[in-house]
Amino acid sequence: MKLVKHIANLGYGSRKEVTWMFREGRVTDPDGEVLYADDQVSHEAIRIDGEPLDPPSGLLLMLHKPVGYTCSTKDPGRIVYDLLPPRFRLRSPLLSTVGRLDRDTSGLLLLTDDGALLHRIVSPKSHLSKRYDATLAHDLRGNEAEVFASGTLMLESEDTPLKPATLEVRDARHASLVLTEGRYHQARRMFAAVGNHVDALHRSAIGGIDLGDLPPGEWRALGEADRARLFA
Ligand code: URA
């Protein structure tokens, strides 16, 4: 791909603006030698204003979504893209959230510009597990794990039962729910179906990737090893 197009696709500017960046000598190699738009150089060997380029397409990143942010590009309030470099919203192909978390849910959110990867992660066929840590308004009764594991629980206004899910109880008000599907507000509706209410919900893991100690609002790009762990 031509350098101007490649850099414009990463959100640095329109093709016209990127052409000017070359003219102004802002695009260089690692030694500061000015590059020209028709040079043949690899992504890694390009600097803009002395800085390495953002990761190329095929980007997968994890974000620690705080409560109060929506997974939308249109919401007038706070959106998860506000937590990423502004350029990331201008990339082509687009960087999309992999599924969604409610505004009131915190935790691990993946974003990618790789359509095939996104499809693979969200596809029910992948059976990728998602772990939600819930803080509950009422004490657990004791039979919830059995109900969730039964494969017969039906949520209101749905016509197929939920797949079996695992509940790991930590104490009367705290439990982790491991789901392999992603229905609308599923975790909250499951606890509502057993007479409880979720006060706080936090996604701590997707497949083999967990949030670790990534602070709220922070993100990091995931490499090959992370991707392998995702489906492990
Ligand atoms: N289940 C929910 O209820 N909310 C989420 O954000 C994710 C799963």
Fill in the blank from the handout: Among the residues of segment 103-126, the number that are within 16 Å of the ligand (Cβ to nearest atom) and either among the polar types (S, T, N, Q) or open to solvent by 40 Å² or more (accessible area, probe 1.4 Å) (or both) is 6
Practice task
Name the single residue, out of those in segment 79-102 being within 16 Å of the ligand (Cβ to nearest atom) and in a strand (DSSP E or B), that is nearest to the chain's Cα centre (by Cα).
Solution key: THR97
Handout entry: Hey, ALA193 within 15 Å of the ligand (Cβ to nearest atom) and either surrounded by 12 or more Cβ atoms within 10 Å (Cβ to Cβ) or polar (S, T, N, Q) (or both) or not
Key = yes
Practice task
Taking ARG220 as meeting all but one of (1) open to solvent by 20 Å² or more (accessible area, probe 1.4 Å); (2) within 30 Å of ASP54 (Cα to Cα); (3) assigned to a loop (DSSP other than H, G, I, E, B), write down the number of the exception.
Solution key: (3)
Completion exercise
Scanning segment 130-187 for residues that are within 16 Å of the ligand (Cβ to nearest atom), basic (Lys, Arg) and touching a strand residue (DSSP E or B) at 6+ places or on another chain (Cβ under 9 Å) gives LYS130, ARG131, LYS163
Exercise for the section: Only residues that are in a loop (DSSP other than H, G, I, E, B), in contact (Cβ under 8 Å) with a residue 12 or more places away in the chain and not aromatic (Phe, Trp, Tyr): list them for segment 33-51, please. Expected result: LEU35, ALA37, ASP38, ASP39, VAL41, ILE46, ASP49, GLY50
Handout entry: So TYR69, is it within 22 Å of ASP113 (Cβ to Cβ), in the same structural domain as ALA116 (by TED's automatic domain parsing) and surrounded by 19 or more Cβ atoms within 10 Å (Cβ to Cβ)
Key = yes
Problem - Lone qualifier among PRO30, PRO55, PRO76 - being away from the ligand (no atom under 16 Å from the Cβ) and in contact (Cβ under 8 Å) with a residue 60 or more places away in the chain - result: PRO55
Problem - From LYS125, LYS163, residue being outside any loop (DSSP other than H, G, I, E, B) and either modelled with pLDDT under 95 or closer than 29 Å to LEU60 by Cα (or both) - result: LYS125
Completion exercise
Within segment 185-214, the residues that are under 17 Å from LEU110 (Cβ atoms), part of a loop (DSSP other than H, G, I, E, B) and of a type outside the set (A, V, I, L, M, F, W, C) are GLY207, GLY208, GLY212
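The values are calculated or read from the model by the stated rules, or taken from the named source; none is laboratory data. Just so you know, these numbers come straight off a predicted model, no measurement behind them. In this analysis, Cβ positions are derived from the backbone assuming ideal geometry, glycine residues included, and neighbour counts consider all displayed protein chains. Accessible surface areas use protein heavy atoms only, side chains included; no ligands, DNA or RNA. Shrake-Rupley method; radii C 1.70, N 1.55, O 1.52, S 1.80 Å.
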